[in-house]
Amino acid sequence: MTQHSDDRTLEIVIPPEHDGMSIDLAVKPHVSRTKARKLISKGRLFLDGIRVHDARVTVTAGQTVRLVIPGDRKVPRDVDWRQSILYKTRYVVVVNKPPGVPASPSPKARRQDLRYRLARYLKQKRLWLVHRIDQETSGIMLIARNALFARLLSRAFVQRRVDKLYLAAVLGRPERMFIDMPIRRAGGGQRKVRIDGDECRTEILHSIPFDGGRRSLVLIRLHTGRTHQIRVHLSHLGFPILGDGRYGLGEPPMFLHAWRFSIFDWAVGARTWTAPVPEHWRKLMPLVERMEEFADLLPPRIPVWPVPAEPPAHLLLPPPLES
């Protein structure tokens with residue numbers, strides 16, 4: 001766990017009347033039972049200096065419980081759009097989303113989301129998100145500039161005419177494997193591998209060890225696009241992502257990056273974009289360069305054959321006026 005300057009530490013001495021209670025109950029009324037369990041799951045609750053991993057641990061009068069309560073993570077104020085925009089036409093924009101910036105609006109980040117801020121930069125009233133990535137994940141996002149292209153590009157995702165490659169830095173060294181494990185909601189905004197969940201397929205293509213073999217840079221291909229899919233799959237298999245405060249190891253910034261994106265569709269043609277990794281990946285740049293040499297040799301997952309450089313004329317008609 002990495003402690004940030006805006007975190008708050010709370011120490012509680014167990015009173016006699018709480019002797020023998022489970023630790024999640026013993027810390028009331030200072031924090032709720034739900035909050036205590038969430039702190040335990042993130043490695044932020046300690047009993048006499050030892051990290052607690054199970055909410056059922058019982059306490060004894062006189063013991064000290066320390067809780068590290070995270071402060072509000074601030075959304076980055078500035079985005080250098082000249083660097084972040086990878087491709088732009090009248091119909092579509094491809095951006096390299098910085099970590100920490102939410103893709104879409106939320107109650108905690110009003111008018112700080114990527115769509116709103118990019119629309120202001122482009123002096124456009126509205127943009128359409130074709131897909132999303134998590135707030136702490138960086139990398140490529142495809143954004144439509146009108147409703148017609150939003151429908152066309154969404155169809156390409158549904159028909160699996162896109163290829164998404166991610167980079168992740170993880171604990172351990174996973175072998176090349178195909179992961180087919182369903183995922184479903186588990187409460188508290190989390191997902192878990194469950195047999196009755198939605199189908200989720202992730203492929204680990206290659207890994208490069210570092211830090212004496214204790215950690216690895218991993219190249220991942222998404223075959224489905226469920227929320228938190230890569231994070232849940234890797235954590236479930238024992239390879240948590242570094243900086244993933246929800247499922248992985250430590251606190252943000254997270255080492256998960258939507259690195260390379262390919263699409264074959266009449267709306268944009270056959271194209272591939274690669275997004276540079278963020279600044280906090282700096283020490284891993286030699287490994288990223290080695291991974292790029294490997295990725296360049298991969299056969300394309302989607303069909304590639306000659307397509308027009310520009311969409312057919314009938315697709316360039318302006319969308320109908322919205323009422």
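The values are calculated or read from the model by the stated rules, or taken from the named source; none is laboratory data. Quick caveat, the model's predicted, so the values are computed rather than measured. Cβ coordinates were reconstructed from backbone atoms using ideal geometry, including for glycine residues, and neighbour counts include every protein chain displayed.
All told, residue 252 falls short of being assigned to a loop (DSSP other than H, G, I, E, B), closer than 20 Å to residue 296 by Cα and out of contact with any helix residue (DSSP H, G or I) (no Cβ under 6 Å at 6 or more places or on another chain).
Number of residues in the stretch 43-63 that are surrounded by 16 or more Cβ atoms within 10 Å (Cβ to Cβ) and either modelled with pLDDT under 85 or hydroxyl-bearing (Ser, Thr, Tyr) (or both) equals 1. Within the stretch 277-291, is there a residue that is touching a helix residue (DSSP H, G or I) at 6+ places or on another chain (Cβ under 9 Å), crowded, with 17+ Cβ neighbours inside 10 Å and part of a strand (DSSP E or B)? Checked against the condition, which is being touching a helix residue (DSSP H, G or I) at 6+ places or on another chain (Cβ under 9 Å), crowded, with 17+ Cβ neighbours inside 10 Å and part of a strand (DSSP E or B), the stretch 277-291 yields no hits at all. For the stretch 192-203, the candidate set comprises residues that are in contact with a Lys or Arg (Cβ under 6 Å, 6 or more places away or on another chain) and closer than 20 Å to residue 258 by Cα; within that set, the residue that is surrounded by the most Cβ atoms within 10 Å (Cβ to Cβ) is 200.
Can you name the residue in the stretch 243-272 that is of a type outside the set (Lys, Arg) and within 12 Å of residue 142 (Cα to Cα) and, of all such residues, is nearest to the chain's Cα centre (by Cα)? Out of the qualifying residues, it is 258. Filtered by the rule that a residue be part of a loop (DSSP other than H, G, I, E, B) and in contact (Cβ under 8 Å) with a residue 12 or more places away in the chain, the stretch 201-230 gives 213, 214, 223, 224, 225, 226, 227, 228. Inspection of the stretch 244-261 finds a residue satisfying the criterion of being of a type in the set (Ser, Thr, Tyr) and within 21 Å of residue 175 (Cα to Cα). Take the conditions (1) modelled with pLDDT of 90 or more; (2) assigned to a loop (DSSP other than H, G, I, E, B); residue 272 misses just one of them, which is (2).
Scanning the stretch 12-41 for residues that are of a type in the set (A, V, I, L, M, F, W, C) and touching a Gly at 6+ places or on another chain (Cβ under 8 Å) returns 13, 14. Only a single item in (1) buried (at least 17 other Cβ atoms within 10 Å of the Cβ); (2) in a strand (DSSP E or B) is not met by residue 233, and it is number (2).
For the stretch 1-14, name all the residues that are modelled with pLDDT under 90 and either of a type in the set (Phe, Trp, Tyr) or part of a loop (DSSP other than H, G, I, E, B) (or both). Across the stretch 1-14, the qualifying residues are 1, 2, 3, 4, 5, 6, 7.
So that you can scan it fast, the table gives a plain yes or no per residue for (1) modelled with pLDDT of 95 or more; (2) over 30 Å from residue 214 (Cα atoms):
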| site | (1), (2) |
| --- | --- |
| 70 | no, no |
| 97 | yes, no |
| 102 | no, yes |
| 111 | no, yes |
| 134 | no, no |
| 153 | no, yes |
| 159 | no, yes |
